[in-house]
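Below you'll find the structure, written out as structure tokens, and then a few comments.
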Amino acid sequence: MQYSIALLASAALASAANQVTFMSLDSTDRTVYFTPTAGLSEIDATAVSGGDSVTVEFPDGWIGNWYAIPSGAENTPGMLGEVSFNSWGDLTYFDVSAIVKPDDTTGVYQMYPADTQDPVSGCETIVGCTNLYIGSDDVQTKSTTSTHLISTLGGGNIAVSKRDVEGREVENFPRAAVTTANWQPARFHARQFKA
């Protein structure tokens, strides 16, 4: 019995690996480069083809950042994704930083937990975005209990996600006004809606 409990505990720990899924939102091929905090494990650069997603695993307690460079472009850091896994309170802390190159429109755009998709650091468009680090004293770091993050690369719309539609039925209009339960376009009938 003791061995069964130990195996279950090991399986639970293994399933909670630190991961980031890099999701390309356009047709640009990129290489993601990682910079660990001094003394922590190096992570090999990772190729992400346009429109694809690639998941990278990180060691326990890894702290560092990454940036994405389009294929054939000079390797100069731009927008950064920053993370501290298994940190204070066993939380994951993360943010998108524009401090190095705020005009980068080909690199990291957003970061969020894969399971809850909230909170979000960064924006779907970089121009005018205030939900990221712009100055060194900004208060923009997000935290989550999740150990699996999504980091979007490049501009483009994310296919309809839970985060995009959650709560909108109640706030704006009934879902029946837009789609059926099978996400087909709805037919509008005045009798469906009460004034």
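Where a number appears in this text, it was derived from the coordinates with a stated rule and is not lab data. The model shown is predicted, which means the values in this text are computed figures rather than measured ones. All Cβ positions, even for glycine, are placed from backbone atoms using ideal geometry, and neighbour counts span all protein chains on display.
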### Query
So GLY81 clears everything in (1) over 19 Å from THR31 (Cβ atoms); (2) under 15 Å from the mean Cα position of the chain (by Cα) except one condition, right? Which one?
(1)
### Task
Within the stretch 54-85, track down each residue that is of a type in the set (Gly, Ala, Ser) and either exposed (fewer than 15 other Cβ atoms within 10 Å of the Cβ) or in contact (Cβ under 8 Å) with a residue 40 or more places away in the chain (or both).
GLY61, ALA68, SER71, GLY72, ALA73, GLY81
### Criterion violated by TRP88 - all others in (1) over 11 Å from the mean Cα position of the chain (by Cα); (2) in contact (Cβ under 8 Å) with a residue 12 or more places away in the chain satisfied
(2)
